[in-house]
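For reference, the structure is listed below as structure tokens.
Any read-out appearing in this document is the output of simple, stated calculations on the displayed coordinates, not a laboratory observation. None of the values given here were measured: they were computed from a predicted structure. Here the Cβ is made from the backbone with ideal geometry for all residues, glycine too, and neighbour counts use every protein chain on show.
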Amino acid sequence: MNTKNIPAIISLSAGAITSIITFVLGYEVKAMLGILLAVLLLFYVAGLIVKAILDKFQAEIALKEEEEERLRKEEEEREGAVIEKEMSEERKNASGIPNSDAE
């Protein structure tokens, strides 16, 4: 997931809502701009925090998926080695060489 735009989206959404509310309530332009600036800064910081949390979760998920993939490959390699060993023993038995385990 692309989290690059999250702070801007959160900040601008809060700014739009603030602008509408202050306009409807009849605030003066100076007061509106001061409130808007404070809201934009506050919600931009909040967006940065949300972005950092999401990035951390994504990194943890990617690390977990890599670990699961590594374990799956190791298991496949072990299964392949067991199958090769069994096939080798079957070839030895089929060729008439006595099996030392059977004695």
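How many nm is it between the label spots at residue 68 and residue 53, if each spot is 7 Å from the Cα in line with the beta carbon?
Here the modelled spin labels are 2.3 nm apart.
What is the order of 51, 73, fewest Cβ neighbours within 10 Å to most? Provide the component values of the computation, followed by the final result.
Working: 51 17, 73 10.
Starting with the residue having the fewest Cβ neighbours, the order is 73, 51.
Between residue 8 and residue 61, what is the FRET efficiency for a Förster distance of 22 Å, r being their Cβ-Cβ separation, to the nearest 0.05?
Details: r = 24 Å, r/R0 = 1.09.
The calculated FRET efficiency here is 0.40.
With label points built 7 Å along Cα→Cβ from the Cα atoms of residue 25 and residue 88, find their separation and express it in nm.
Calculated label separation equals 8.0 nm.
Which aspartates and glutamates have a Cα lying under 16 Å from the Cα of residue 85, excluding residues fewer than 8 positions away in the same chain?
75, 76, 77, 101
Rounding to the nearest 10 and keeping the result within 0 to 90°, find how far the Cα-based axis of helix 6-24 lies from the longest principal axis of the chain.
30 degrees
So what is the calculated 222 nm ellipticity per residue for the chain, using -39500 (n - 2.57) for each DSSP H run with n of 4 or more, over all residues, to the nearest 500 deg cm²/dmol?
After summing the helix terms and dividing by the residues of the chain, the value is -30500 deg cm²/dmol.
Which lysines does residue 4 reach when only Cα atoms under 20 Å apart count, and residues fewer than 8 places away in its own chain are ignored?
51, 56
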